[in-house]
Every structure is written in C-alpha cells, then in structure tokens.
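Peer 1: Sharing a structure with you now.
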Amino acid sequence: MSKTIFITGAGSGLGKGTALGLAAKGHKVIAPVETAPQVTSLREAAASAGVELTTFKMDIKNAQDLAQMLEYDFDIFVANAAVNEGGALGEVPMANFRELFEVNVFQTLETAQIAARQFVEKGQGKIIFLSSMAGIMSTPYVGPYTATKHAIEAIAKTLRKEMAEFGVQVATINPGAFATGFNDRSAEAKWKWFDEKIHFTRPEDMKEMEKGLEDQFDPQDMIDKMVEIIPQDSHKFRTAYPEETEQQMKDEEAKHWELEI
C-alpha cells in the first residue's frame with residue numbers, strides 16, 4: 001500500500017537515495033533539503049530516475065522554513081537531517097559541540113513534535129529517527145556526533161512509550177559506516193580547529209582512527225534497507241544494518257555492564 005512519507009535532509013547521502021528509492025516504489029515522498037542548490041540537484045536526480053517527489057528548501061534551524069511542515073499531510077515522518085563533526089571530547093570547541101546538538105537533537109526533536117501533533121490528531125502515524133551505530137557505540141574522536149545520537153536514542157525510546165496511547169509508532173534506524181562522504185567530512189572538520197601547539201590530543205592517534213574509514217560499506221545497501229523498512233506497518237523498534245554492525249552494537253552494550261575502571 002502506498003504511503004505518504006516526509007523525510008528531512010534529503011539533499012544528499014542516505015536521505016537522498018532513500019527519498020528516490022521510496023518514490024520509485026510508488027510512495028508519495030515529501031523530501032525537503034537544507035539549501036536551494038540541493039532542491040535543483042534533487043529535482044534533476046528525480047527526473048533522471050523517472051520518479052516524482054516534492055522537494056523544497058527546509059533548513060530545520062530556520063523557523064520560517066520549518067513552518068512549511070504544517071502544509072503537508074503525511075503517514076510517516078523520517079527525521080533524517082543531521083550534521084557531523086569529530087574531535088576529542090576533552091578539547092572540542094563548545095561552539096562546535098553546541099551546533100551539533102542544535103541540529104541533531106534540539107531541531108530534530110522539534111520536527112518530530114510537529115509530526116507528532118499531526119499524528120495525534122489523526123490517531124495514527126509513525127516517526128522514525130535516523131540514529132546511527134554511534135547511538136549505541138562509542139569511538140574515540142567521534143564523541144561529539146556520538147553524544148547527539150545517544151541523545152536521539154533516549155528521545156526515541158521515551159517518545160515511543162509516550163505516543164503509544166495515541167496510536168503513533170516510534171522507531172530508529174541505525175546505519176553502520178557507509179561511504180556517503182558524511183563520515184569523511186566529519187573526520188576532516190576537526191582539523192580546522194585542532195592545533196597541536198595548544199591541544200594535548202596526539203594528532204597521530206586521530207589519524208590512526210581515521211583509517212577505519214577506508215573500509216566503509218556501499219551506501220546502496222543501506223538505502224535498500226531503509227526503503228524496505230520505512231513503509232512497513234510493523235517492524236522492530238531498532239533496525240541496525242548491516243548485521244555485523246548490529247552485533248557490534250549488542251557487544252558494545254553488553255561489555256559496559258562488566259567493564260571496570
């Protein structure tokens with residue numbers, strides 16, 4: 001059955017691929033993007049793929065942009081928009097840290113609140129938060145982003161309990177490391193402020209951790225999984241993919257119950 005699906009942050013990466021994939025499956029897709037050039041790019045991609053979707057500029061930090069959500073009726077809301085930046089938690093500039101929380105947590109929750117009100121009025125609907133393997137796991141020098149996704153996990157788990165009585169479903173999707181460029185840009189960003197003359201973190205340690213980006217997964221596999229899961233009437237609360245990432249997440253959670261300091 002065709003669904004109307006609203007997915008934020010559809011201008012690039014997994015969001016863009018998923019928006020196009022859902023449209024190709026016959027769903028009505030509302031796919032706002034952060035910037036005006038991304039509107040043009042997504043429209044061109046849709047035309048090239050032979051699909052139709054609705055796209056417009058909606059920076060989730062802009063109140064006027066955000067008000068556009070009220071103009072649309074939809075069955076499923078996917079909170080996908082996010083930013084990423086790495087760096088050592090002991091030294092990351094707090095302005096950078098706050099910016100991540102502003103987009104990934106505060107404004108993401110505000111978009112979900114707008115969707116929640118609409119769904120409560122209808123007595124049904126589904127909110128999906130794009131979390132991450134970082135919502136459960138922790139990796140050195142990825143702490144700023146990890147902290148925001150841990151917050152999203154708490155929000156999703158709590159909201160699920162609060163919205164159940166209104167007939168509204170809540171879930172997360174937790175991708176592993178996929179080669180969309182999102183993780184690579186995060187790794188690069190910390191070098192804009194890091195200065196080994198004044199910071200105590202060893203640059204060679206951060207560079208060593210960046211080597212993990214050399215073996216990222218094919219994004220199309222994650223896009224296919226998201227296109228499969230998002231429209232379903234029933235599925236797991238948390239969808240982690242691929243399976244090896246799911247197991248890593250489970251092992252990480254279990255390990256901390258026995259870990260001593």
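Peer 1: Could you please give the count of residues in the stretch 39-49 that are in contact with a Pro (Cβ under 9 Å, 6 or more places away or on another chain) and crowded, with 21+ Cβ neighbours inside 10 Å?
Peer 2: Filtering the stretch 39-49 for residues in contact with a Pro (Cβ under 9 Å, 6 or more places away or on another chain) gives 39.
In the following step, the residues that additionally are crowded, with 21+ Cβ neighbours inside 10 Å were identified as none.
Selection size over the stretch 39-49: 0.
Peer 1: Could you tell me whether residue 182 is of a type in the set (A, V, I, L, M, F, W, C), touching a Pro at 6+ places or on another chain (Cβ under 6 Å) and at negative phi?
Peer 2: On the way: of a type in the set (A, V, I, L, M, F, W, C): yes; touching a Pro at 6+ places or on another chain (Cβ under 6 Å): no; at negative phi: yes.
No; evaluated as a whole, the condition is false for this residue.
Peer 1: Which of the residues belonging to the stretch 180-194 are under 23 Å from residue 19 (Cβ atoms) and open to solvent by 80 Å² or more (accessible area, probe 1.4 Å)?
Peer 2: Taking the stretch 180-194 as the starting set, the residues that turn out to be under 23 Å from residue 19 (Cβ atoms) are 180-186.
The answer is 185, and nothing else.
Peer 1: Please identify the pairs in which a residue from the stretch 178-204 that is farther than 21 Å from residue 131 by Cα has its Cβ atom under 8 Å from the Cβ atom of a residue that is surrounded by 14 or more Cβ atoms within 10 Å (Cβ to Cβ) and acidic (Asp, Glu), counting only partners at least 6 apart or on another chain.
Peer 2: These pairs meet every condition: 190/85; 194/91; 199/91; 200/91; 201/91.
Peer 1: Counting residues that are within 17 Å of the chain's Cα centre (by Cα) and free of Cβ contacts under 8 Å to residues at least 60 places away in the same chain, which helices (runs of 4 or more DSSP H) fully inside the stretch 34-102 reach at least 3? It would help to see each step written out before you state the result.
Peer 2: Working: elements: 36-49, 63-66, 94-101.
Of the helices (runs of 4 or more DSSP H) lying wholly inside the stretch 34-102, those with at least 3 residues that are within 17 Å of the chain's Cα centre (by Cα) and free of Cβ contacts under 8 Å to residues at least 60 places away in the same chain span 94-101.
Peer 1: Okay, next question. Return the residues of the stretch 137-158 that are more than 14 Å from the chain's Cα centre (by Cα) and within 17 Å of residue 82 (Cβ to Cβ); say none if nothing qualifies. Walk me through it before giving the result.
Peer 2: Keep residues of the stretch 137-158 that are more than 14 Å from the chain's Cα centre (by Cα), which gives 137-144, 154, 157-158.
Within the stretch 137-158, 137, 139, 142, 143, 144, 154 meet the criteria.
Peer 1: Okay, moving on. Taking the stretch 224-253 on its own, how many of its residues are in a helix (DSSP H, G or I) and either hydroxyl-bearing (Ser, Thr, Tyr) or open to solvent by 60 Å² or more (accessible area, probe 1.4 Å) (or both)? Lay out the reasoning, then the answer.
Peer 2: Just the residues of the stretch 224-253 that are in a helix (DSSP H, G or I), to begin with: 224-229, 243-253.
Within this subset, residues satisfying the condition of being either hydroxyl-bearing (Ser, Thr, Tyr) or open to solvent by 60 Å² or more (accessible area, probe 1.4 Å) (or both) are 224, 228, 243-245, 247-248, 250-251, 253.
Residues flagged as in a helix (DSSP H, G or I) and either hydroxyl-bearing (Ser, Thr, Tyr) or open to solvent by 60 Å² or more (accessible area, probe 1.4 Å) (or both) within the stretch 224-253 amount to 10.
Quick grid of which residues meet (1) modelled with pLDDT of 95 or more; (2) surrounded by fewer than 22 Cβ atoms within 10 Å (Cβ to Cβ):
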residue: 1; (1), (2): no, yes
residue: 6; (1), (2): yes, no
residue: 17; (1), (2): yes, yes
residue: 23; (1), (2): yes, yes
residue: 34; (1), (2): yes, no
residue: 64; (1), (2): yes, yes
residue: 82; (1), (2): yes, no
residue: 88; (1), (2): yes, yes
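Peer 1: Restricting the search to the stretch 195-219, which residues are part of a helix (DSSP H, G or I) and exposed (fewer than 13 other Cβ atoms within 10 Å of the Cβ)? Talk me through it step by step, then tell me what you get.
Peer 2: In the first step, residues of the stretch 195-219 are kept if they are part of a helix (DSSP H, G or I); the result is 203-215, 219.
Matches in the stretch 195-219: 204, 205, 207, 208, 211, 214, 215.
Peer 1: In the stretch 159-177, how many are farther than 16 Å from residue 80 by Cα, in contact (Cβ under 8 Å) with a residue 24 or more places away in the chain and either aliphatic (A, V, I, L, M) or touching a Lys or Arg at 6+ places or on another chain (Cβ under 7 Å) (or both)? Outline the logic, then answer.
Peer 2: First, pick out the residues of the stretch 159-177 that are farther than 16 Å from residue 80 by Cα: 159-169.
Of the ones still in play, those that are also in contact (Cβ under 8 Å) with a residue 24 or more places away in the chain are 159-160, 163, 166-169.
Retained after the next criterion (residues that are either aliphatic (A, V, I, L, M) or touching a Lys or Arg at 6+ places or on another chain (Cβ under 7 Å) (or both)): 159, 163, 168-169.
Residues meeting the conditions: 4.
Peer 1: Sort out which residues of the stretch 10-33 are more than 20 Å from the chain's Cα centre (by Cα) and either within 21 Å of residue 183 (Cα to Cα) or assigned to a strand (DSSP E or B) (or both), and write them in order of number.
Peer 2: As a first pass, look at the stretch 10-33 and keep what is more than 20 Å from the chain's Cα centre (by Cα): 24-28.
Of everything in the stretch 10-33, just one residue is more than 20 Å from the chain's Cα centre (by Cα) and either within 21 Å of residue 183 (Cα to Cα) or assigned to a strand (DSSP E or B) (or both), namely 28.
Peer 1: A follow-up question, please. Could you give me the residue pairs with C-beta distances under 8 Å whose first residue belongs to the stretch 126-154 and is among the acidic types (Asp, Glu), whose second residue is open to solvent by 20 Å² or more (accessible area, probe 1.4 Å) wherever it lies, and which are 6+ apart or on separate chains?
Peer 2: Qualifying pairs under 8 Å: 153/136.
The values are calculated or read from the model by the stated rules, or taken from the named source; none is laboratory data. Keep in mind it's a predicted model, so treat the numbers as computed, not measured. With ideal geometry, Cβ positions are generated from the backbone for all residues, glycine too; neighbour counts draw on all protein chains shown. Side chains included, ligands, DNA and RNA excluded: accessible areas come from the protein's heavy atoms. Shrake-Rupley method; radii C 1.70, N 1.55, O 1.52, S 1.80 Å.
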